[in-house]
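As structure tokens, the structure follows; a few thoughts come after it.
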Amino acid sequence: PPEHTDSLSYSEDLAWAFAQLNQGERALKQFEILLKEISDYYGEHHSHALNVRLNIGNLLMKLRRFDKAKVVLESLENELAGRLKPDSTVLANCRKSLGDTLFLLNDFSSALEVYEKIGYVGHSLPVPFRNSIAHDWYVLGQHLSMNGHSREALRLGELVRSLCECEVGSSS
């Protein structure tokens with residue numbers, strides 16, 4: 001049946017495959033159908049629905065629908081912040097996506113506020129995830145610096161260093 005967890009996983013895999021094949025609109029439609037099915041059967045706050053909402057937010061960002069992505073990701077971040085521990089990787093992943101969206105909307109101060117929430121718990125994040133975030137922030141900082149946003153670039157650099165110090169501190 002369509003509400004069976006295997007069926008839901010297959011639908012999610014299909015949407016993900018569409019996204020990987022640069023068929024964003026088709027992927028988005030598949031994710032939206034899946035979200036409705038999950039919400040109808042399990043409720044809109046089910047963990048699978050939350051994951052699909054994150055995928056929708058990320059896909060909207062990839063499709064350059066930043067305003068819609070922001071709405072989806074802000075709503076999800078608020079819900080996850082109320083349900084998960086502050087050092088949750090799932091919450092950090094959502095915040096990373098939300099921060100990236102805010103940066104793409106040129107709302108640098110809001111993006112940095114979201115990123116700082118990740119920085120506060122950086123020591124507890126898995127090293128590969130932490131390194132990926134640090135790399136992305138480093139690249140964003142370079143872009144900001146080259147485009148005359150030195151204050152924001154410096155703050156992002158501080159966040160990168162804080163994540164990198166977590167790694168050094170954890171290896172000693």
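Observations on the model:
- Chain lengthening between HIS135 and ASN106 when straightened (0.36 nm per residue, less Cα-Cα): 8.5 nm
- Cβ-based net charge around LEU50, under 10 Å, with every Lys or Arg adding one and every Asp or Glu removing one: 0
- Over segment 61-124, accessible surface divided per residue gives 50 Å², non-protein components excluded, 1.4 Å probe.
- Here the chain is assigned +1 on the Cβ of each Lys and Arg and -1 on the Cβ of each Asp and Glu. Its dipole about the Cα centre then comes out at about 380 debye.
- Charges were assigned to the Cβ only: +1 to each Lys and Arg, -1 to each Asp and Glu. The resulting dipole of segment 97-162 about its Cα centre is roughly 180 debye.
- The slack in the chain from SER9 to GLU113, taken as 0.36 nm per residue of separation less the alpha-carbon distance, amounts to 34.1 nm.
- In segment 50-162, the portion of solvent-accessible area held by carbon and sulfur atoms comes to 54 percent [1.4 Å probe, whole percent, DNA, RNA and ligands not counted].
- Matching the structure-derived Cα extents along the principal axes in Å against the labelled list [x] 64, 35, 30; [y] 52, 36, 27; [z] 51, 37, 23 gives the label [y].
- Computed E for GLU79/LYS36 - FRET, C-beta separation, R0 22 angstrom, nearest 0.05: 0.80
- The alpha-carbon of LYS85 sits under 23 angstrom from the alpha-carbons of these lysines, leaving out residues fewer than 8 places away in its chain: LYS70, LYS96, LYS117.
- DSSP-assigned coil residues among trypsin sites (Lys or Arg not before Pro) in segment 1-86, each with at most 14 further Cβ atoms within 10 Å: ARG64
- Candidate residues HIS45, HIS123: accessible-area rank, largest first, probe 1.4 Å: HIS123, HIS45
- Heavy-atom accessible area ranking, 1.4 Å probe, most first, across HIS135, HIS46: HIS135, HIS46
The values are calculated or read from the model by the stated rules, or taken from the named source; none is laboratory data. Just so it is clear, the structure is predicted and the values come from calculations on it, not from any experiment. Neighbour counts are summed over all protein chains in view; Cβ atoms, including those assigned to glycine, are modelled from backbone coordinates with ideal geometry. The accessibility values were calculated without ligands, DNA or RNA, using every heavy atom of the protein model including side chains. Shrake-Rupley method; radii C 1.70, N 1.55, O 1.52, S 1.80 Å.
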